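Colleague: Please see the structure below; I have some questions.
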Amino acid sequence: MFKDESSYSVNPAGEWLAGCTAEALVVANSAPVLVRMERYLARLALTDAQRLWIRGQVISQLQGVETHQDALYARAFASLHQALATLGNGDELDARLDLSLRMTANAAQDARSCRWLQQQVAPAIQRSNMASLPMNRSWLAAASRLWQTLFSRSKVLTSRRILTGEV
Amino acid sequence: MARAMARQWETISRYRRYWLSAFIILPACSAGLMLDQVLADRLSLWLEIPTLIIFSMLFAWISAGFWTALVGFILLMSGRTDTSPGSPELRLAEPLPQNKVAILMPIYNEEVERVAAGLQATFKSLQRAGALGHFEFFLLSDTRNPDIWLREELVWSALCESLDAFGKIHYRRRPVNNKAKSGNVADFCRRWGRAYEYMVVLDADSVMNGETLYRMLEMMEGNPQVGIIQTQPVAVNRETLYARLQQFAQHLYGPIFSAGLRFWQLGDGHYIGHNAILRTAPFTEYCALPVLPGRPPLGGPLLSHDFVEAALMARNGWEVWFVPTLTGSYEEVPPTLIDDLKRDRRWAQGNLQHLLLLAGEGLRSAHRFLFINGAMSFLAAPLWGLFLILGALGSLHWAGGGNDDTVTPFYWGSNIDPLPFWLFGVTAVLLLSPKWMAVLWVARQPGRRQQFGGLFHLILSMLVESLFSVLMAPIRMAFHSQFVIQTLMGKGVRWGAQVRGDQETRWSVALRFFGWCSALGLVLAVALYPFLGFWHFVWLVPILGGLVAAVPLGAWTSRPGLGRWARQQHLFVIPEEVIVPEELQSLDSDSVAYLPHIEGDAFVQVVVDPRFNAIHSALQRNRTGLWPRAASLCHKALEQGPQQLSNRERNILLSDRNSMLSLHRAVWSMNDRERLTAWGVESDDQDLINQAGQ
């Protein structure tokens, strides 16, 4: 959940110190994890506010988690994607796509970005048949047709078929 | 079935073709009879008859080119373009708003930036012409290489983003490359053809002017009986000496041949597979290509589809017009002799396949002639080779050989008839006069001759180009003969991507490719000289010289530096270099510098980079049928590294959205340094930690 900065300005029950210490501990214990997370975020065109908010979300998710270092990376990355999904109306892939194509205010709003991109890449399919037509390629038949054309009284039709669109 | 009256142009073209046939057959027979007078008493029958037959066939073939050029020359000199009744130029109509044109760009493992630059240039040109509303672009990829496929996708999205062209530029990759380019276009017709009244087919290196495209659309709208309108694309943009020679020749001689060709063909024109507009519905209905009986290379799917598609369109009553007056249509030629010959290898097989369609029912005679002409482009080589062998045998038989002091190049003794020299002269005129006709036509137009670098440089360029043509003719003869023999012996050719960039041929490559030609030339020279004597031998020098010089010719003419030097000397200048059209100006590499550039392994980048991964994954669908196989491949990729995956395995993973998303998450969630290094992630982390430490 997004944490308003104003929440840091008051500390009625002395929770500030405890919260801050917990976050500092997470940062200290998970430095390599957070470095990789920063690296990941740097590849996305995020604003500073978005980046800090995602970072805060990941850190808060990691608080109190005692797990093996291997699982910590997976946990951090899952939290990161969860935060990204929150940015992208519930879908992490849509969020990344919006950031990649800078589509925050594009025409895709009534559809998910992912689906919108699929519609742009190729229009709706309208199937037609396309199959080769039979053609007699025999030389004997060709000779017979030639004979008919040259010598037979029943001439081969020289007129052509009317095309679609022709009057 | 309803039948219509014969069209007016059909009657005109019939008479024109009668004349052309007479002009080809009668002089060929006369030349054959003249040669017969010379040979009758001097050669035995087994040498005489094949010599005469081959000579007459070759004479007929080159005279067809001569008469075409002559007619074109007369038309151009008189300032007329051929506008017979029924010509599509005569009836233009404003396009209906609902009529859409799909501009198809079939690509296969191409250089992506060049394709994007061409598409962008055409798109912007249409935008400037205010005609974009009627047109949509389709990048139809048959690419098999996953690296290139991924680059194509990213370039497509970047192009759409920068041109604000989402929904105007589409991209489709076909996982199965059935029937190569023709299958690619047919696949478009089956999926989307119904939504587009017309389609313009381009090559990967084609560029077209927006106004030209709109004019073609107007012609199609005004002429509902026309199925295909073909433009004459001009060769541009190359820098190697070889390509500049080709470009110059095409620009100088092309117009007269094109005007002549149009004169004979009228509505039974040809289609070269690109830079043309086609009516989609009849193309879909009638132009699916037959699969020939028998096994490849002569049987099976047709390798050269374009001529057959035009023939099938005309067979079903639709007109096919070649309109050479449509300017603003560009293409690129192969940069080197090797690349040109590789393309010829495919064309040779394709054109020989066309002979199996010659007897096809309902085909128009003009298209049967085109099939023969296309096949003769390659069959002429072995026929010429055979003629030379027969000629050499004949001269041995005739002159008795030896070094006779009384013999000179033009006097072979008192008992020798001068007729062969006359025949040689006539043949030379048939071959070379079109070049002079073209020079005369250009020289007559002051503005145009300046576009070729001025009259002096134009003539000098033509002479040097002719010299190169003479030297390269025997090399082509040797290779074309090899291609024909290979095809007839059942050795097929694989579909390969074309080389589009200016790449030099290294000496080692030239030696490997042309070495046998040079060796053949040397062996023939050494073998023939003692038998023929000096002056008889002189006549063979252009042929043997060309063969011997094959290696240096192949290497030197591939040098872009030599091409640029020639340009500085105002040699082989073409009009598009003097006044560069706007659409060609925007082809330079800077115009696409904004496109995303993937460093290193594109597969790794698309798995690791969250932006690339998002774009690629969004374009794929979940292929549940692939999941068991994809899952094991994901494990393999994570355990052993992406380098251990073959292209086929990568293609499987890349085509499934779920696999790509899973791999992306898995890589970023890993904690094994060794494995991460394989994906290029660990080094990044270390860099950042080190920076933080400092």
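The values are calculated or read from the model by the stated rules, or taken from the named source; none is laboratory data. These figures come from a predicted structure and were not determined experimentally. In this analysis, Cβ positions are derived from the backbone assuming ideal geometry, glycine residues included, and neighbour counts consider all displayed protein chains. Surface areas here come from the heavy atoms of the whole protein model, side chains and all, with no ligands, DNA or RNA. Shrake-Rupley method; radii C 1.70, N 1.55, O 1.52, S 1.80 Å.
Colleague: If I go through region B:39-94 residue by residue, how many of them are open to solvent by less than 50 Å² (accessible area, probe 1.4 Å), hydrophobic (A, V, I, L, M, F, W, C) and not in a helix (DSSP H, G or I)?
Modeller: Adding up the residues that qualify gives 3.
Colleague: I would also like to ask the following. Please state which of the following conditions B:E152 fails to meet, knowing it meets all the rest: (1) under 21 Å from B:E113 (Cα atoms); (2) within 9 Å of chain A (Cβ to nearest Cβ); (3) under 26 Å from the mean Cα position of the chain (by Cα); (4) outside any strand (DSSP E or B).
Modeller: Single failed check for B:E152: (2).
Colleague: For the condition within 29 Å of B:V112 (Cβ to Cβ) and within 14 Å of chain A (Cβ to nearest Cβ), what is the one hit in B:G227, B:G193, B:G210?
Modeller: Among B:G227, B:G193, B:G210, only B:G193 is within 29 Å of B:V112 (Cβ to Cβ) and within 14 Å of chain A (Cβ to nearest Cβ).
Colleague: Okay, moving on. Can you name the number of the only condition in (1) buried (at least 23 other Cβ atoms within 10 Å of the Cβ); (2) within 14 Å of chain A (Cβ to nearest Cβ) that B:P293 fails?
Modeller: Here B:P293 clears every test but (1).
Colleague: Now for a different question. Can you find even one residue in region B:151-165 that is farther than 27 Å from A:D98 by Cβ and open to solvent by 10 Å² or more (accessible area, probe 1.4 Å)?
Modeller: no
Colleague: When you go through (1) in contact (Cβ under 8 Å) with a residue 24 or more places away in the chain; (2) surrounded by 15 or more Cβ atoms within 10 Å (Cβ to Cβ) one by one for B:D609, which number turns out not to apply?
Modeller: Among (1) in contact (Cβ under 8 Å) with a residue 24 or more places away in the chain; (2) surrounded by 15 or more Cβ atoms within 10 Å (Cβ to Cβ), the lone unmet condition for B:D609 is (1).
Colleague: Within region A:115-142, can you find the residues that are under 21 Å from B:L358 (Cα atoms) and either touching a helix residue (DSSP H, G or I) at 6+ places or on another chain (Cβ under 9 Å) or facing another protein chain (nearest Cβ under 8 Å) (or both)?
Modeller: Correct list: A:A131, A:S132, A:L133, A:M135, A:N136, A:R137, A:S138, A:W139, A:A141, A:A142.
Colleague: Given the conditions (1) closer than 18 Å to B:A235 by Cα; (2) more than 36 Å from the chain's Cα centre (by Cα), report the number of the one that B:R629 does not fulfil.
Modeller: The one condition B:R629 does not meet is (1).
Colleague: Would you say B:A117 is at negative phi and either crowded, with 20+ Cβ neighbours inside 10 Å or part of a helix (DSSP H, G or I) (or both)?
Modeller: The answer is yes for B:A117.
Colleague: Do you know which residues across region B:122-138 are under 18 Å from B:G193 (Cα atoms) and in a helix (DSSP H, G or I)?
Modeller: Listed by number, the residues that qualify are B:G133, B:H134.
Colleague: Tell me, which helices (runs of 4 or more DSSP H) wholly within region B:442-543 include 3 or more residues that are open to solvent by less than 40 Å² (accessible area, probe 1.4 Å)? Working first, answer last.
Modeller: Values: elements: B:446-451, B:455-488, B:507-532, B:534-538.
So the answer is B:455-488, B:507-532.
Colleague: Tally up the residues in region A:51-70 that are modelled with pLDDT under 85 and of a type in the set (A, V, I, L, M, F, W, C), please.
Modeller: 2
Colleague: Now, a different point. Could you check how many residues of region B:115-129 are touching a Gly at 6+ places or on another chain (Cβ under 7 Å) and among the aliphatic types (A, V, I, L, M)?
Modeller: Residues that pass the stated criteria total 2.
Colleague: Between a first residue in region B:351-363 that is within 11 Å of another protein chain (Cβ to nearest Cβ) and among the hydrophobic types (A, V, I, L, M, F, W, C) and a second residue that is in a helix (DSSP H, G or I) and open to solvent by 30 Å² or more (accessible area, probe 1.4 Å), which pairs have beta carbons less than 8 Å apart while being 6 or more apart in sequence or on different chains?
Modeller: Matching pairs, first to second residue: B:L355/B:I372; B:L358/B:R368; B:L358/B:I372; B:A359/A:W139; B:L363/B:R315.
Colleague: Just give me the residues in region B:606-650 being part of a helix (DSSP H, G or I), away from chain A (no Cβ under 14 Å) and of a type in the set (A, V, I, L, M), in sequence order.
Modeller: B:L626, B:A630, B:A631, B:L633, B:A637
Colleague: Taking region B:99-108 on its own, how many of its residues are part of a loop (DSSP other than H, G, I, E, B) and either without any contact (Cβ under 8 Å) to a residue 60 or more places away in the chain or within 26 Å of the chain's Cα centre (by Cα) (or both)? Even if it seems obvious, please write down each step before you answer.
Modeller: Applying the first criterion (part of a loop (DSSP other than H, G, I, E, B)) to region B:99-108 yields B:99-100, B:108.
With either without any contact (Cβ under 8 Å) to a residue 60 or more places away in the chain or within 26 Å of the chain's Cα centre (by Cα) (or both) added as a condition, the list becomes B:108.
Residues in region B:99-108 being part of a loop (DSSP other than H, G, I, E, B) and either without any contact (Cβ under 8 Å) to a residue 60 or more places away in the chain or within 26 Å of the chain's Cα centre (by Cα) (or both): 1 in total.
Colleague: Within region B:244-260, work out how many residues are within 19 Å of B:L463 (Cβ to Cβ) and not polar (S, T, N, Q).
Modeller: 9
Colleague: Continuing with the same structure: Confirm whether B:R144 is surrounded by fewer than 20 Cβ atoms within 10 Å (Cβ to Cβ) and not in a helix (DSSP H, G or I).
Modeller: So B:R144 passes the test.
Colleague: Okay, moving on. Would you please name the residue that is surrounded by the fewest Cβ atoms within 10 Å (Cβ to Cβ), looking only at residues in region B:630-660 that are basic (K, R) and in contact with a helix residue (DSSP H, G or I) (Cβ under 6 Å, 6 or more places away or on another chain)?
Modeller: B:R657
Colleague: When region A:43-96 is examined, which residues are found to be away from every other protein chain (no Cβ under 12 Å), among the aliphatic types (A, V, I, L, M) and part of a loop (DSSP other than H, G, I, E, B)?
Modeller: A:V65, the sole residue that qualifies.
Colleague: Does any residue of region B:444-459 turn out to be within 30 Å of B:P581 (Cβ to Cβ), in the same structural domain as B:L524 (by TED's automatic domain parsing) and at pLDDT below 85?
Modeller: Yes, region B:444-459 contains a residue that is within 30 Å of B:P581 (Cβ to Cβ), in the same structural domain as B:L524 (by TED's automatic domain parsing) and at pLDDT below 85.
Colleague: Just wondering, is there one or more residues in region B:548-557 that are among the aromatic types (F, W, Y) and closer than 30 Å to B:L528 by Cα?
Modeller: Yes, the conditions are met somewhere in region B:548-557.
Colleague: Right, another one. Checking the condition within 14 Å of another protein chain (Cβ to nearest Cβ) and either surrounded by fewer than 23 Cβ atoms within 10 Å (Cβ to Cβ) or in a helix (DSSP H, G or I) (or both), which residue from B:M216, B:M220 passes?
Modeller: B:M220
Colleague: List pairs: first in region B:571-599 and more than 24 Å from B:E153 (Cα to Cα) and surrounded by 13 or more Cβ atoms within 10 Å (Cβ to Cβ), second of a type in the set (K, R) and modelled with pLDDT of 85 or more, Cβ under 6 Å, 6+ apart or cross-chain?
Modeller: Partner pairs satisfying both residue conditions: B:F572/B:R244.
Residues are listed down the side, and each one gets a yes or a no for (1) more than 30 Å from B:R7 (Cα to Cα); (2) acidic (D, E); (3) open to solvent by less than 30 Å² (accessible area, probe 1.4 Å); (4) modelled with pLDDT of 95 or more:
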residue: B:N316; (1), (2), (3), (4): no, no, yes, no
residue: B:V323; (1), (2), (3), (4): no, no, yes, yes
residue: B:L388; (1), (2), (3), (4): yes, no, no, no
residue: B:L393; (1), (2), (3), (4): yes, no, no, no
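Colleague: Sticking with this one: Before we move on, is B:A180 open to solvent by less than 40 Å² (accessible area, probe 1.4 Å), within 25 Å of the chain's Cα centre (by Cα), facing another protein chain (nearest Cβ under 8 Å) and not charged (D, E, K, R)?
Modeller: no
Colleague: Right, next: Here is a check on your reading of the model: is B:G561 open to solvent by 30 Å² or more (accessible area, probe 1.4 Å), more than 30 Å from B:S182 (Cβ to Cβ) and not basic (K, R)?
Modeller: In short, yes.
Colleague: On to the next question. Looking at B:A249, B:A281, B:A314, B:A288, which is the one that is within 14 Å of chain A (Cβ to nearest Cβ), touching an Asp or Glu at 6+ places or on another chain (Cβ under 6 Å) and not acidic (D, E)?
Modeller: Exactly one of B:A249, B:A281, B:A314, B:A288 is within 14 Å of chain A (Cβ to nearest Cβ), touching an Asp or Glu at 6+ places or on another chain (Cβ under 6 Å) and not acidic (D, E), namely B:A314.
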